[in-house]
Amino acid sequence: MRAILGTEALASGLLTRGELRWNYERVATDVYLPKEGERCIFDLAEAAWLWSGRSGIVTGRAAAALHGATGINVDTPVELLTGRRTSNPRLVARNVRFHDDEVQRRSSGMLVTTPARTAFDLGRHLERREAVRHLDALTAATGVSRIEVEKLADRYRGAAGTYQAVFAAHLMDGGAQSPQESMTRMALVDAGFPRPSTQILVCGGRQTAVTVALGWEQHRIGLTFAAAGKRLLAVPEWSRNNFLQLQGWINLYVSPTEAVQMTVDRARAAFRVRARRGY
């Protein structure tokens with residue numbers, strides 16, 4: 001554990017006051033992190049837990065990261081289920097109900113919400129698209145399901161955000177492999193498209209197959225997302241595109257910098273082509 005309580009470090013003789021002052025930065029009341037080294041969301045989660053008196057429960061995006069979800073920015077405030085109050089911008093304290101079966105203890109002793117409770121809190125406290133983006137990553141990492149979120153919604157029926165948590169859980173899809181894919185999927189749904197599927201396997205002859213990241217198998221329209229820093233139309237991509245064309249697919253390449261609305265417009269144009277051909 002990199003985070004320390006200043007009073008404990010001084011009392012035990014681990015650090016002198018000078019060492020604490022020069023080598024550590026205070027991130028919360030009596031909680032310090034080393035100035036050297038790159039910080040991650042795990043360090044900040046530990047710091048938040050120590051600030052709570054080792055009784056708070058890490059939830060939300062920080063908990064999702066602890067469960068293996070990707071795409072969590074290190075600047076994201078750490079959310080805690082705790083009765084303590086704070087004005088620290090690095091912390092969000094939520095004095096709400098929870099049950100013991102919604103909490104896990106890590107080897108460090110830190111308390112973290114279960115994947116199901118984490119998903120429930122993500123869905124009820126974040127804007128819908130943002131919530132679904134993180135839910136996609138969480139279910140990909142843990143396998144948490146919509147049914148588990150619905151059970152918690154029944155347990156906390158009437159609590160603020162319960163309905164939106166269930167709605168967001170219905171939209172989550174662990175097949176999304178990047179935040180861009182998640183946000184694009186949500187934009188397509190919001191624009192009135194049928195809900196697209198993820199990780200569609202397209203098979204050809206001679207045991208050849210490729211996977212389409214996002215699309216509509218019935219209409220044979222797919223979206224392929226190019227990784228950041230990678231040439232959009234490298235030779236393997238052309239080969240892949242030719243294969244999909246031979247299988248009757250319209251394949252739309254999406255660059256990391258392409259505006260979501262541009263992708264939506266291109267998908268709409270592809271559907272118009274399909275409509276003219278009777279799909």
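Taking the range 74-114 as the search range and keeping residues that are free of Cβ contacts under 8 Å to residues at least 60 places away in the same chain, of a type in the set (Lys, Arg) and part of a loop (DSSP other than H, G, I, E, B), which one is farthest from Arg54 (Cα to Cα)? Once the filter is applied, the top-ranked residue is Arg85. I'd like to know if the range 21-38 contains one or more residues that are over 29 Å from Glu79 (Cβ atoms) and either of a type outside the set (Val, Ile, Thr) or surrounded by 15 or more Cβ atoms within 10 Å (Cβ to Cβ) (or both). Taking every residue of the range 21-38 in turn, at least one turns out to be over 29 Å from Glu79 (Cβ atoms) and either of a type outside the set (Val, Ile, Thr) or surrounded by 15 or more Cβ atoms within 10 Å (Cβ to Cβ) (or both). When residues in the range 30-83 are screened for being among the charged types (D, E, K, R), out of contact with any helix residue (DSSP H, G or I) (no Cβ under 7 Å at 6 or more places or on another chain) and over 19 Å from Arg105 (Cβ atoms), 4 of them pass. Taking the criterion of being within 17 Å of the chain's Cα centre (by Cα) and without any contact (Cβ under 8 Å) to a residue 24 or more places away in the chain, no residue of the range 146-173 qualifies. Could you please let me know if Val27 is modelled with pLDDT of 95 or more, farther than 20 Å from Thr118 by Cα and touching a Leu at 6+ places or on another chain (Cβ under 9 Å)? Taking the combined requirement at face value, the residue satisfies it.
Filtering the range 1-24 to residues that are at pLDDT 95 or above, closer than 19 Å to Leu80 by Cβ and among the basic types (Lys, Arg) leaves nothing. When the criteria are applied in full, Arg206 meets the requirement of being more than 14 Å from Ala69 (Cβ to Cβ), basic (Lys, Arg) and assigned by TED's automatic domain parsing to the domain that holds Ser255. Among the residues making up the range 2-15, those that are more than 28 Å from the chain's Cα centre (by Cα) and surrounded by 12 or more Cβ atoms within 10 Å (Cβ to Cβ) are Leu5, Gly6, Glu8, Ala9, Leu10, Leu15. Does Val189 satisfy the criteria of being at pLDDT below 95, surrounded by 15 or more Cβ atoms within 10 Å (Cβ to Cβ) and outside any loop (DSSP other than H, G, I, E, B)? Spelling it out, it is not the case that Val189 is at pLDDT below 95, surrounded by 15 or more Cβ atoms within 10 Å (Cβ to Cβ) and outside any loop (DSSP other than H, G, I, E, B).
Here the range 169-183 is the region considered, the condition is being in a loop (DSSP other than H, G, I, E, B) and out of contact with any helix residue (DSSP H, G or I) (no Cβ under 6 Å at 6 or more places or on another chain), and the residue that is nearest to Ile200 (Cα to Cα) is Gly175. Within the set Glu181, Glu217, the sole residue that is under 30 Å from Ile72 (Cα atoms), at pLDDT 90 or above, of a type in the set (Asp, Glu) and touching a strand residue (DSSP E or B) at 6+ places or on another chain (Cβ under 8 Å) turns out to be Glu181.
Scanning the range 246-264 for residues that are buried (at least 20 other Cβ atoms within 10 Å of the Cβ) and of a type in the set (Val, Ile, Thr) turns up Ile250, Val254, Thr263. A count restricted to the range 163-179 and to residues that are crowded, with 23+ Cβ neighbours inside 10 Å and within 20 Å of Val260 (Cβ to Cβ) stands at 3. Exactly one residue among Thr211, Thr198, Thr184 is over 19 Å from the mean Cα position of the chain (by Cα) and in the same structural domain as Asn241 (by TED's automatic domain parsing), and that residue is Thr211. Residues being over 21 Å from Phe167 (Cα atoms), crowded, with 16+ Cβ neighbours inside 10 Å and of a type in the set (Lys, Arg): count how many of those fall in the range 93-140. So the count comes out to 1.
The values are calculated or read from the model by the stated rules, or taken from the named source; none is laboratory data. What you are looking at is a predicted structure, and each value in this text was computed from that prediction instead of being measured. Glycine gets a Cβ as well: all are built from the backbone with ideal geometry, and neighbour counts include every protein chain shown.
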